[in-house]
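The values are calculated or read from the model by the stated rules, or taken from the named source; none is laboratory data. Keep in mind the model is a prediction, meaning the values are calculated, not measured. Cβ placement follows ideal geometry from the backbone for every residue including glycine, while neighbour counts extend to all protein chains displayed. Calculation scope for accessible area: heavy atoms of the full protein, side chains included, ligands and nucleic acids excluded. Shrake-Rupley method; radii C 1.70, N 1.55, O 1.52, S 1.80 Å.
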Amino acid sequence: MLSDSHFYFNKAADVLNLADNIRDILLSPRRSIKVNIVIESENNELLHFTGYRVQHNNARGPMKGGLRFHPSMDEDHAGALANLMTWKTAVVDVPFGGAKGGIDCDPHSLSAKDLSLLTRRFVEEIKDVIGPTRDIPAPDVNTNARVMSWIMDEYSKFEGFSPAVVTGKPLHLFGSEGREEATGRGIMNVLAEALKEQNRDFSDISVAVQGFGNVGSHAARLIAEQGARIVAVADHSGGVANPDGLDIAALMEWVAIEKSVKGFAGGTPFNSADIIGWHADVLIPAAMEAAITVENAEQVRAAIIVEGANGPTTPEADEILHKKGVLIIPDILANAGGVTVSYFEWTQNIQQFRWEHQRINDELGKMMRKAYRSVHEISREKGIDMRTAAFVLAIRRVAKAALARVYINTKVPL
Ligand code: NAD
């Protein structure tokens with residue numbers, strides 16, 4: 001995974017003629033932490049875990065990125081995702097750097113009390129390097145508003161009242177309006193810009209969505225509200241299709257109870273893997289990494305892919321899709337709505353002031369659309385694809401800031 005993000009970075013660095021030493025500076029993580037966590041569980045067992053936090057770059061501000069509680073979490077994974085966060089925050093121009101981390105655990109096998117204890121011990125270990133002006137964690141896979149509340153509480157024990165140490169908190173504990181749907185809303189915003197350029201409208205398009213969790217469900221709902229037909233949705237256990245458009249509100253209600261789209265009566269079932277080749281104008285992979293690979297890229301029939309997930313397209317698949325003429329709106333642009341509203345949450349916490357929901361949606365829409373137009377402009381000017389253009393924009397911003405902080409006599413070469 002680390003090699004994929006480096007691949008895309010180097011492709012853009014070639015366009016910028018970036019010298020090797022600058023590439024090394026920008027790719028090297030600022031700090032990587034690995035901590036040993038031992039807890040005594042509720043049933044008196046000694047449990048042992050490893051926690052990670054990779055802080056990739058802070059040239060443009062405090063570092064920002066999620067915490068993932070998953071057995072696959074390790075330094076390489078955290079490093080790759082931290083790296084992506086640096087470019088993502090730069091593309092949407094929020095004043096943050098990039099970080100990522102987590103704990104190698106299966107949270108589903110832990111009681112709520114053990115999970116709270118584990119989270120608090122992790123905070124104890126990393127408290128000196130996180131903080132509102134240093135590094136601000138957020139939810140990621142298997143972490144949520146409840147985990148963020150524990151982090152805020154534990155950190156505040158050491159440092160005093162500090163709501164701005166994490167984002168993605170519950171609304172009643174200094175969270176922000178609009179945070180939950182933010183990534184989906186950002187996806188809707190960038191798709192709106194792409195359609196505008198093609199003189200098309202939401203009412204002209206059909207959409208297939210892979211993943212119906214936080215990102216996929218809200219993206220589907222908001223895109224359907226604009227008038228598009230969501231013709232197929234798939235999750236880990238199956239898919240459901242309806243050529244006239246699925247009733248997304250009803251599907252969300254079904255999933256809230258059944259935990260899967262499987263069995264939903266408002267469409268016909270299909271095999272989850274078939275979603276990638278679905279006959280639709282737009283495909284939104286919003287599940288896991290490497291969903292579109294060399295094995296299935298040829299099957300893609302959509303003309304536009306909006307990457308809701310992080311890293312859903314492998315470099316080999318990316319190449320195949322470009323040859324087929326598919327427009328890919330890359331992850332570091334398409335799913336940046338979440339970190340953008342996290343920025344609004346942090347801002348509100350620092351200001352001790354609450355913004356109204358409409359203001360959040362308006363500001364998010366402006367920032368996402370502006371980022372799309374900036375990336376598209378570079379893509380057009382340089383004749384490069386949107387992913388490479390997004391990296392060009394991000395690398396320029398990060399490199400300029402990073403080098404301006406150290407150069408004394410020399411001009412920044414960008
Ligand atoms: P989630 O856990 O809420 O939902 C994940 C969804 O993917 C579920 O519906 C699950 O059933 C489905 N899924 C898992 N494996 C699948 C498979 N093999 N085939 C089809 N569906 C499968 O997670 P989320 O928060 O929606 O995140 C999804 C992706 O978006 C991740 O890559 C995450 O890193 C990325 N992302 C999330 C946010 C955010 O704000 N939540 C922001 C940026 C990026």
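Quick rundown of the values:
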item	result
Residue in segment 377-385 that is open to solvent by less than 10 Å² (accessible area, probe 1.4 Å) and modelled with pLDDT of 95 or more present	no
Conditions (1) open to solvent by 30 Å² or more (accessible area, probe 1.4 Å); (2) part of a loop (DSSP other than H, G, I, E, B); (3) within 21 Å of Gly186 (Cβ to Cβ); (4) within 14 Å of the ligand (Cβ to nearest atom); number of the one not met by Gly227	(4)
Subset of segment 379-408 that is over 22 Å from Gly61 (Cβ atoms) and touching a residue at least 12 places away in the same chain (Cβ under 8 Å) - its residue that is nearest to the chain's Cα centre (by Cα)	Arg387
Complete set of residues in segment 302-339 that are within 11 Å of the ligand (Cβ to nearest atom) and on the phi > 0 side of the Ramachandran plot	Gly311
Of all residues making up segment 192-216, the number that are open to solvent by less than 10 Å² (accessible area, probe 1.4 Å), within 9 Å of the ligand (Cβ to nearest atom) and outside any loop (DSSP other than H, G, I, E, B)	1
Enumerated helices (runs of 4 or more DSSP H) restricted to segment 262-363, each holding at least 1 residues that are closer than 17 Å to Leu191 by Cα	331-334, 337-351
The lone exception for Ala164 - which of (1) outside any helix (DSSP H, G or I); (2) away from the ligand (no atom under 15 Å from the Cβ) it fails	(1)
Qualifying positions in segment 232-246 - in a strand (DSSP E or B) and crowded, with 23+ Cβ neighbours inside 10 Å	Ala232, Val233, Ala234, Asp235, Gly239, Val240
Test: residue in segment 247-265 that is closer than 25 Å to Arg373 by Cβ, buried (at least 18 other Cβ atoms within 10 Å of the Cβ) and touching a helix residue (DSSP H, G or I) at 6+ places or on another chain (Cβ under 8 Å)	no
Residue among Asn349, Asn335 that is under 20 Å from Thr313 (Cβ atoms), among the polar types (S, T, N, Q) and at pLDDT 95 or above	Asn335
Answer residue from segment 314-365, given it is in contact with a helix residue (DSSP H, G or I) (Cβ under 7 Å, 6 or more places away or on another chain) and among the hydroxyl-bearing types (Ser, Thr, Tyr) and is least open to solvent (accessible area, probe 1.4 Å) among those	Thr340
Segment 276-327, residues that are of a type in the set (Asp, Glu) and touching a Phe, Trp or Tyr at 6+ places or on another chain (Cβ under 7 Å)	none
Residue ID - farthest from the chain's Cα centre (by Cα), chosen from residues in segment 59-72 that are open to solvent by 20 Å² or more (accessible area, probe 1.4 Å) and free of Cβ contacts under 8 Å to residues at least 60 places away in the same chain	Pro71
